[in-house]
1. Build a GNM of the chain with springs between Cα atoms under 10 Å: which of SER101, SER272, SER257 gets the top mean-square fluctuation?
2. Hey, in the GNM for the chain with a 10 angstrom Cα cutoff, which one of VAL63, VAL242, VAL166 fluctuates hardest?
3. Quick one: divide the alpha-carbon radius of gyration of the stretch 1-117 by 2.2 N^0.38 Å and tell me what you get.
4. Taking the structure as given and computing Rg and Dmax of the Cα atoms in Å, which label from (i) 21.9, 83; (ii) 24.1, 77; (iii) 19.6, 78 fits?
5. ASN254 versus ILE294, label points 7 Å from Cα toward the beta carbon: distance in nm?
6. Among the listed pairs LYS165/LYS245; LYS112/LYS151; LYS31/LYS165, which have their C-alpha atoms separated by more than 19 angstrom in this model?
7. Please list the non-local residues whose amide H lies under 5 Å from the amide H of ASP181, H modeled 1.01 Å from N, same-chain partners needing a gap of 5 or more.
8. With a 10 Å cut-off between alpha carbons and a GNM built on the chain, which of PRO192, PRO216, PRO54 moves the most?
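Just so you know, all these numbers are worked out from the coordinates, no wet-lab data involved. Since the model is a prediction, treat every value here as computed from it, not as a measurement. Glycine gets a Cβ as well: all are built from the backbone with ideal geometry, and neighbour counts include every protein chain shown.
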Amino acid sequence: MNTFSAGLSFSGEFDYKHLGANFKISHDFNKRNSTVSLALAVARDDLDPEGGAPVPLSAMLDVGDLCNRIGDVDKDVVDIVAGITQVVNRNLLFQVNYSFSNSSGYLNDPYKIISLVDSISGDPLPRIPTPGIAGPSHQYLFESRPDERTKHSLYVQTKYYMNGKVLDASYRFMTGDWDIDSHTLDLRYRWPLSGGNYLEPHFRYYTQSHAEFYRPSIDGGSALPSYASADYRLGEFDAITVGLKYGWETAFGNEWSARLEFYATDGKVPGSLLVGDQAGREIYPDLEAIIAQISYRFGI
């Protein structure tokens, strides 16, 4: 048995527009206990940041000075996912997916900057704005990323039914040509209660290495690199999520649920990326967040 699906996506903001299309084909065999699938998604993102996109690694200038802007920019994204789902027995389900992603075009964040710092103190270098015109008080450069990125990922998931309880475990490994390697472990355990209610503890662990061009700052006394970004999302960090979800069935057969989770990150900056006296400072601050969610689902 074959199944086809297709979709379109569009979103827009004052400085950003997205248009995408996706296609998927699935084939069931082995008495519908096995399913193979292939999905393709393509997208075009158009960026029109205020004042125009900045030239990579150009200086942040006085307000109104747009001589280092290049106007509107765009990027193209192609994603391919191939997978297989296997029913092992009446209690065990197994899934494996391989994903390929390629992005090309303007991949910078036009609003991200990086500090030029003193080679000895590690402090941001001062800047004197033009008299009567607002501008930055220190020297900042707009980030620069390569104009192409390729990612590969392998995703494995299993669901195991145990006398009403369900263990949902997954692992994902991702790598790519930006030298970011990541590992994600996600565990959920659904514990049924009376009356169609349930509890679901959740644990997620994520870790990644830093991009080859990630650096928290640039030595103002050295030659500029070809690429540089201080975006913390490209840095090395670990993250954990711990939470609990409670769900209950309504008289109409729908479902209410409430979820409370704690999220924390621990960032790391290798000593080789520090400049001057930055070693004793908190260059990558930790983050903690509490997430609360209430949802309602029709037709459980």
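1. SER272
2. VAL63
3. Numbers: Rg = 21.5 Å, N = 117, 2.2 N^0.38 = 13.4 Å.
So the stretch 1-117 has a normalised radius of gyration of 1.60.
4. Correct label is (ii).
5. 1.4
6. On the way: LYS165/LYS245 14 Å; LYS112/LYS151 22 Å; LYS31/LYS165 26 Å.
LYS112/LYS151; LYS31/LYS165, as the Cα separations exceed 19 Å there.
7. SER209
8. Residue with maximal mean-square fluctuation among PRO192, PRO216, PRO54: PRO192.
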